[in-house]
1. Compute the helix-to-body angle for 32-101: its Cα long axis versus the longest principal axis of the chain, expressed 0 to 90° and rounded to tens.
2. Using a 1.4 Å probe on the protein chains only, how many percent of the accessible area of the chain belongs to carbon and sulfur?
3. When ligands, DNA and RNA are left out and all protein chains stay put, how many square angstrom of accessible area per residue does the chain have with a 1.4 Å probe?
4. With runs of 4+ DSSP H residues as the only contributors, calculate the mean residue ellipticity of the chain at 222 nm using -39,500 (n - 2.57) per run, divided by the residue total and rounded to the nearest 500.
5. With axes computed from alpha carbons, what is the tilt in degrees of helix 3-26 against the longest principal axis of the chain, rounded to the nearest 10 within 0 to 90?
6. Of the listed values [x] 14.1, 41; [y] 42.6, 145; [z] 31.3, 107, identify the label whose number matches Rg and Dmax of the Cα atoms in Å calculated from this model.
7. By a straight-distance test (C-alpha under 23 Å), which lysines pair with LYS42 as possible cross-link partners, with residues fewer than eight away in the same chain excluded?
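The values are calculated or read from the model by the stated rules, or taken from the named source; none is laboratory data. Values in this document were obtained by computation on a predicted structure and should not be read as measured data. Each accessible area value is taken on the protein alone, full model and side chains, heavy atoms only, with ligands, DNA and RNA left out. Shrake-Rupley method; radii C 1.70, N 1.55, O 1.52, S 1.80 Å.
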Amino acid sequence: MSDDEVDMVMAELSIREAKDDAEINSNIYTTAEEKAVLRKIKTAERERKIKRLRGVIMAKQKVLEEQESVIFRQQQAARAAKSAEERKRAREETFDRSKMFG
């Protein structure tokens, strides 16, 4: 689920909450207690959806963190290889100079 999809779902949940409240309040035959129960049910449904979305977001965040870690290790390995190549080249140059003067 992309960030845009998450934002869209969150907006949809907000709209649905407003519609649910309007529907509950407009029913003149429903008692205050029944309205309270209906609000609790609707709130629980929204909270389940939000919890699921948070789980999706956290899973995506974990994947991104793992990818960043892999990239960091690759960069470290590349730096180490470059450093090793530079040390090898420096040893060869020193050896070549010692041959010339030795």
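1. 0 degrees
2. Numbers: 5040 of 8820 Å².
Of all accessible area on the chain, carbon and sulfur atoms account for 57 percent.
3. Working: 8820 Å² over 102 residues.
Accessible area per residue: 86 Å².
4. Working: 2 runs with 94 residues, N = 102.
-34500 deg cm²/dmol, from helical runs alone.
5. The answer is roughly 10 degrees.
6. So the calculated entry is the one marked [z].
7. Result set, ordered by chain and number: LYS19, LYS51.
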